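Here is the structure we will look at, set down as structure tokens.
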Amino acid sequence: MSKINKYLNKNIALKLVVYAVVIGLFWVKMNYIQANIFSLNVENANEANILAFNPLSSIFLIFGIGVLLGGRRGMFVSYILGSILLYVNVLFYREYNDFITIPMLNQVANLADLGGSITTIMSPGDALLFADVLIAAFLLFYLKPSRFQVFKPKRREGIILAIVAIPLFLINLQWAETERTDLLERTFDRNMLVKYIGVINYHVYDAVLQGKTEMKKTMADSNELVPVINYMNENKSEDSDRLEGVAEGKNVIVMSMESTQTFVVDNTLHGEELTPYFNDLKEEGIYFDNFYHQVKQGRTSDSEFLLANSLYPLNRGAVFFTHSGNQYEGLPSLLNEKGYFTSSMHANDKTFWNRNVMYDSLGFDEFYSKEDYDVTPEKSHGWGYLDEYFFEDSLSKMKEMDQPFYTKMITLTNHYPFTLPEEQKLIEEGETGSGTLNRYFQTIRYQDEALKKFVEDFKNSELYDDTILVIYGDHFGISENHQKAMGEYLDKDINEFEQFQLQRVPLLIYGKGIKGEKNHTVGGQIDLRPTLTNLLGIEDDNPIQFGHDLLDEDRRQLMITRDGNFANEDYVGIQGTCYDRETGEKLEAGLCDEGFDKAQEELEMSDSIIYGDLLRYLDETEMVQNKDEGSNQEND
Ligand code: GP9
Ligand code: MN
């Protein structure tokens, strides 16, 4: 009897060892990836420990499900699928410094184009990330020391594993809350989420979020718009007269410059200016040097969304894809009503970023896409039509347009991977440790030359007298993957604060009658629409806009990023840390509380509008509000 018992115990012990080693193997791998491949900004020992602990609950969960559904085979399938999931995240992270969201999966065609070739982000060493799969296979199927049974888990053991995952996750969450309270409720930053709950749990969280957001539209009703309208009324800046209507009745050209960051302006390489033409041009117009991009996963399309609606883009996916069917009160529609002919010009496939669909929702009359340009192989490179030819063709089109017109141009050549034909290289490559940054200097320099030709031709055309030109950068070109090289070039350490400040993009308003000035106001792309309508002297009857006219001297200076960070006149708040905006010095955290709260409030409100498609209730709600105001007056 005792012999049998001994035998059984030994087998149970072996089983536990196999469980422990297989779980341990996956744990080590996941830890390695989270700590060494992702850059999650671990700030102290507590965070490092949370990061090391957080894979456990998800491992118990996936192996538990595996065993429950298919015994040891099921466990092995979980091991393989888990490994693939981790690897997909590794590849995505290398390219985007971000984690995939479910809405992004609908954009695979776009993603493939965006990231260039997938082989460039894979490396032979990655095979090591799968070496453990072989060890796991051996342990699960072949390990059989003499007088022991091979590992044969019972299905109900799967339930036990999955149940153990629950307290493990609760411990994880409680622990994470010591660093960040209400983590799951108030975190927009995926890097932060992964740091605290781990990448696999993050995907579960993302799936729950997806379900919730899908519910929101179905459940939404017009009452939800009331607090939003009230918020807008409370936060409105007083109408300013500054430069109001100076461009009344004029045509508008808005030029979105691909991947153009402010750090290139007035900067040099090998003693040569990177943007010599823009540097001079900006002296003749209103140039903003504290203007930030506010995009997230939708990149250029997010910047277009900000401009058209003065709403924040989404934190997950590109709103151009996920909510193109919503009702909007886009700037193009407004301008149409005021007699403008509105168009967008971009020599890429019209389906890219779902533009052909979304542009209709925003109210554009026309979209001049690739098929409307004389795109030939000789005039193309990399992403397609070279900027110089795009500019040339676009100007000819404008000369034929009905006036007044509003047209948005989007350049393309200065896009990752930043390559150029030999003849178009006007400056030597950079000499930093990053090929990407080194080439970026060349494409930036090229773009400036193309701009010069365009603006000079524009100035010599009849359009000049009646047109204002607004030039802005759409988003960063150099990601934080290249921080070290950036530090070499700028000759400073690129810390969290500097990285934040690198998200500034140029903004210039230029045209006859507009006097040159340097404007230091802190703002972002969300402010473009109210700035433009003020210049055009147009009454904008859409009450739901988060932006504040950049030209208004009493404006609220607050720029909120999609991650819930912010910059205002005095501070920059990044993930709970407060900095002096001028010096970059770390300050007492409480000073930024107000900014963080405001950021949270506005982002949530903007999300509720998009997820609930609330603008469809605008007319109804305003009618009710007006009626209320009317009856109040009667009572007075
Ligand atoms: C593509 C162009 C570039 O049409 O707008 O897209 P991006 O990668 O910058 O979002
Ligand atoms: Mn872009």
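When Phe291, Phe278 are checked against the criterion of being touching a Leu at 6+ places or on another chain (Cβ under 6 Å), away from ligand 2 (no atom under 13 Å from the Cβ) and either hydrophobic (A, V, I, L, M, F, W, C) or on the phi < 0 side of the Ramachandran plot (or both), a single residue qualifies: Phe291. Taking the stretch 449-488 on its own, how many of its residues are more than 22 Å from Thr561 (Cβ to Cβ) and either within 16 Å of ligand 2 (Cβ to nearest atom) or over 25 Å from the mean Cα position of the chain (by Cα) (or both)? Residues that pass the stated criteria total 22. The residues in the stretch 132-187 that are surrounded by 13 or more Cβ atoms within 10 Å (Cβ to Cβ), within 17 Å of Tyr19 (Cβ to Cβ) and among the aromatic types (Phe, Trp, Tyr) can be counted, and the count is 3. Looking at the structure I just gave you, is Glu214 surrounded by fewer than 20 Cβ atoms within 10 Å (Cβ to Cβ) and farther than 26 Å from Met104 by Cα? Considered against the rule, which asks whether it is surrounded by fewer than 20 Cβ atoms within 10 Å (Cβ to Cβ) and farther than 26 Å from Met104 by Cα, Glu214 comes out as no.
Filter the stretch 594-632 for residues that are at pLDDT 75 or above and among the charged types (D, E, K, R) and give the result. Talk me through it step by step, then tell me what you get.
Applying the first criterion (at pLDDT 75 or above) to the stretch 594-632 yields 594-620.
If the condition is that a residue be at pLDDT 75 or above and among the charged types (D, E, K, R), then Glu594, Asp597, Lys598, Glu601, Glu602, Glu604, Asp607, Asp613, Arg616, Asp619, Glu620 are the ones that fit.
Kindly indicate whether any position in the stretch 426-435 is at pLDDT 95 or above, more than 16 Å from ligand 1 (Cβ to nearest atom) and not in a loop (DSSP other than H, G, I, E, B). Working first, answer last.
Taking the stretch 426-435 and keeping what is at pLDDT 95 or above, we get 426-435.
This time we only want the ones that are more than 16 Å from ligand 1 (Cβ to nearest atom), so: 426-435.
Cutting the leftovers down to not in a loop (DSSP other than H, G, I, E, B) gives us 435.
Checking the stretch 426-435: at least one residue is at pLDDT 95 or above, more than 16 Å from ligand 1 (Cβ to nearest atom) and not in a loop (DSSP other than H, G, I, E, B).
For the stretch 393-408, check the following and say yes or no: at least one residue is out of contact with any Leu (no Cβ under 6 Å at 6 or more places or on another chain) and within 24 Å of Glu273 (Cα to Cα). Scanning the stretch 393-408, I find no residue that is out of contact with any Leu (no Cβ under 6 Å at 6 or more places or on another chain) and within 24 Å of Glu273 (Cα to Cα), so the answer is no.
For the stretch 571-594: of the residues being in a loop (DSSP other than H, G, I, E, B) and out of contact with any Gly (no Cβ under 9 Å at 6 or more places or on another chain), which is surrounded by the most Cβ atoms within 10 Å (Cβ to Cβ)?
Applying the first criterion (in a loop (DSSP other than H, G, I, E, B)) to the stretch 571-594 yields 575-576, 581-585, 588.
If we keep only those that are out of contact with any Gly (no Cβ under 9 Å at 6 or more places or on another chain) as well, we get 576, 581-585, 588.
Numbers: Gly576: 16, Arg581: 21, Glu582: 10, Thr583: 9, Gly584: 15, Glu585: 10, Glu588: 7.
Result: Arg581.
Could you go through the stretch 316-338 and let me know if any residue there is in contact with a helix residue (DSSP H, G or I) (Cβ under 7 Å, 6 or more places away or on another chain) and on the phi > 0 side of the Ramachandran plot. Looking through the stretch 316-338, at least one residue is in contact with a helix residue (DSSP H, G or I) (Cβ under 7 Å, 6 or more places away or on another chain) and on the phi > 0 side of the Ramachandran plot.
Residues in the stretch 233-264 that are at pLDDT 95 or above and over 22 Å from the mean Cα position of the chain (by Cα): how many?
Our first condition is that a residue be at pLDDT 95 or above; within the stretch 233-264, this holds for 247-264.
Filter again for over 22 Å from the mean Cα position of the chain (by Cα), leaving 247-253.
Residues that pass the stated criteria total 7.
In the stretch 244-280, the qualifying residues are those that are free of Cβ contacts under 8 Å to residues at least 24 places away in the same chain and part of a strand (DSSP E or B), and the one that is surrounded by the most Cβ atoms within 10 Å (Cβ to Cβ) is Glu273. Residues in the stretch 30-50 that are closer than 13 Å to Ala176 by Cα, among the hydrophobic types (A, V, I, L, M, F, W, C) and surrounded by 13 or more Cβ atoms within 10 Å (Cβ to Cβ): Val42, Ala48, Ile50. Of everything in the stretch 478-487 that's of a type in the set (Gly, Ala, Ser) and more than 16 Å from ligand 1 (Cβ to nearest atom), which residue is nearest to Glu283 (Cα to Cα)? My answer is Gly487.
This table checks each residue for (1) within 16 Å of ligand 1 (Cβ to nearest atom); (2) surrounded by fewer than 19 Cβ atoms within 10 Å (Cβ to Cβ).
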site	(1), (2)
Glu422	no, yes
Asn438	no, no
Asp465	no, yes
Phe476	yes, no
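Just so you know, in the stretch 488-506 the residues that are part of a loop (DSSP other than H, G, I, E, B) and among the hydrophobic types (A, V, I, L, M, F, W, C) include one that is farthest from ligand 1 (Cβ to nearest atom), and it is Ile494.
The values are calculated or read from the model by the stated rules, or taken from the named source; none is laboratory data. Everything numeric in this text was worked out from a predicted model, so none of it was measured. Using ideal geometry, Cβ is built from the backbone for each residue, glycine included, and neighbour counts are taken over all protein chains shown.
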